[in-house]
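Reading through the structure tokens given below for one structure.
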Amino acid sequence: MQILGPVPCLKCMYELDGLLPDQKCPECGADTAPSVAAAESMPTRRVTALRSALFDTGIAMACGPVALLPLVRTVGDRQDSAAEPIDFGWMAMAMFSFLFASLFPLLSLYGWRTLAGLQQADGSRPVTWLKRSSTVFAALAIWTAACALLAHAGNTMVTVALVSGLAMLGAWMTRTFIGVGLVIDVLRPLERRGLIVPGVLIRWFLPLAAVPCVAALVLHFAAARPDSTLSDVAQLCLALAIVAIVAAVSLACIWLLTIRTHLRFYLILAEARERRISSD
Ligand SMILES: [Zn+2]
């Protein structure tokens, strides 16, 4: 049984169509079996679902933080006029900013769950944990947005919003750590080192980014100053934490969207191969 192409060699991209499975690549001498396995692991249906999951997760990560801006503004407006009764204009703006901010956690939940569904076959633990952590993150993100709207100077919702915001950040890091690992697993058969290595680096950058966040928190509570100002060291940790989180979010969304672009090649291959198989 000949190899039915298009099946490019994983090492040199030479077209292996028409060769026998036990033959080597005529161009670079590599075994043909891994290339055939890689091509077969990416049928059209799977690449399409994978690309849409990568789009949802990448866009949610890129736009989610930006979508918080109207919410921050709405909360700020209320802080400025806390003594005045709530007016209709503020209520409308609050509703809009809440819905807008909730859109992207829901999109990310949908995207990561689609990805988990694609890898479900073996029922592995990372898939279960990805589903759980993405649900927890989306719920905490929406809850934090609601708490932020209800918070104004002096009421307990300020503390509730801060605590749930921190929990949300923890859930984001956990979910992204597991999710990036799962995307790496999907890419592994394709042997694309240029895409896998950045993913591995991003994955291990996440726990590193958590260090200044935890340090800032510990220093803040250890100091327990009555005026609730941060010490210089805590301020430095907080600044480092913000830079690290912004870097992690940016790198992860660029990586996800880059993979999506690269998978277009496999989509074209899969479509061509399936057309040939159905016509033969
Ligand atoms: Zn080759």
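The values are calculated or read from the model by the stated rules, or taken from the named source; none is laboratory data. Small disclaimer: the values here were computed from a predicted structure and weren't measured. Cβ sites come from the backbone with ideal geometry, for glycine too, and all protein chains shown count toward neighbours.
Numerical summary
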| quantity | calculated |
| --- | --- |
| Hey, Val180 under 30 Å from Leu71 (Cα atoms) and modelled with pLDDT of 95 or more or not | yes |
| Some residue of the range 42-55 being farther than 30 Å from Leu187 by Cα, among the aliphatic types (A, V, I, L, M) and away from the ligand (no atom under 16 Å from the Cβ) | no |
| Thr57 being assigned by TED's automatic domain parsing to the domain that holds Phe100, under 30 Å from His152 (Cα atoms), surrounded by 15 or more Cβ atoms within 10 Å (Cβ to Cβ) and in contact (Cβ under 8 Å) with a residue 12 or more places away in the chain | no |
| Flag for Met13 being exposed (fewer than 14 other Cβ atoms within 10 Å of the Cβ), away from the ligand (no atom under 14 Å from the Cβ) and not charged (D, E, K, R) | no |
| Residues being surrounded by 15 or more Cβ atoms within 10 Å (Cβ to Cβ) and either free of Cβ contacts under 8 Å to residues at least 12 places away in the same chain or touching a helix residue (DSSP H, G or I) at 6+ places or on another chain (Cβ under 6 Å) (or both) - total across the range 17-36 | 1 |
| Filter result for the condition that a residue is buried (at least 17 other Cβ atoms within 10 Å of the Cβ) and small (Gly, Ala, Ser), over Ala215, Ala222, Ala239, Ala272 | Ala215 |
| Top-ranked residue in the range 156-193 [being free of Cβ contacts under 8 Å to residues at least 60 places away in the same chain and among the basic types (Lys, Arg); ranked as surrounded by the most Cβ atoms within 10 Å (Cβ to Cβ)] | Arg188 |
| Condition check for Arg78: surrounded by 13 or more Cβ atoms within 10 Å (Cβ to Cβ), among the basic types (Lys, Arg) and more than 24 Å from Arg260 (Cα to Cα) | yes |
| Any hit, the range 17-26, residues being more than 22 Å from the chain's Cα centre (by Cα), outside the structural domain of Ala252 (by TED's automatic domain parsing), of a type in the set (A, V, I, L, M, F, W, C) and within 11 Å of the ligand (Cβ to nearest atom) | yes |
| Helices (runs of 4 or more DSSP H) wholly inside the range 28-102 containing at least 3 residues that are at pLDDT 95 or above | 44-63 |
| Subset of the range 245-269 that is surrounded by 18 or more Cβ atoms within 10 Å (Cβ to Cβ) and aromatic (Phe, Trp, Tyr) - its residue that is modelled with the lowest pLDDT | Tyr266 |
| Test: residue in the range 67-75 that is away from the ligand (no atom under 16 Å from the Cβ), surrounded by 13 or more Cβ atoms within 10 Å (Cβ to Cβ) and hydroxyl-bearing (Ser, Thr, Tyr) | yes |
| Test: residue in the range 225-232 that is surrounded by 15 or more Cβ atoms within 10 Å (Cβ to Cβ), assigned by TED's automatic domain parsing to the domain that holds Thr174 and outside any helix (DSSP H, G or I) | yes |
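Quick grid of which residues meet (1) in a helix (DSSP H, G or I); (2) free of Cβ contacts under 8 Å to residues at least 60 places away in the same chain; (3) over 22 Å from Ile59 (Cβ atoms):
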| residue | (1), (2), (3) |
| --- | --- |
| Val197 | yes, yes, yes |
| Val200 | yes, yes, yes |
| Phe205 | yes, yes, no |
| Leu236 | yes, yes, yes |
| Leu256 | yes, no, no |
| Ala270 | yes, no, yes |
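To keep it simple, each residue is scored yes or no on (1) within 24 Å of Trp255 (Cβ to Cβ); (2) touching a Phe, Trp or Tyr at 6+ places or on another chain (Cβ under 8 Å).
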| residue | (1), (2) |
| --- | --- |
| Asp17 | no, no |
| Asp22 | no, no |
| Thr32 | no, no |
| Ala53 | yes, yes |
| Leu71 | no, yes |
| Asp77 | no, yes |
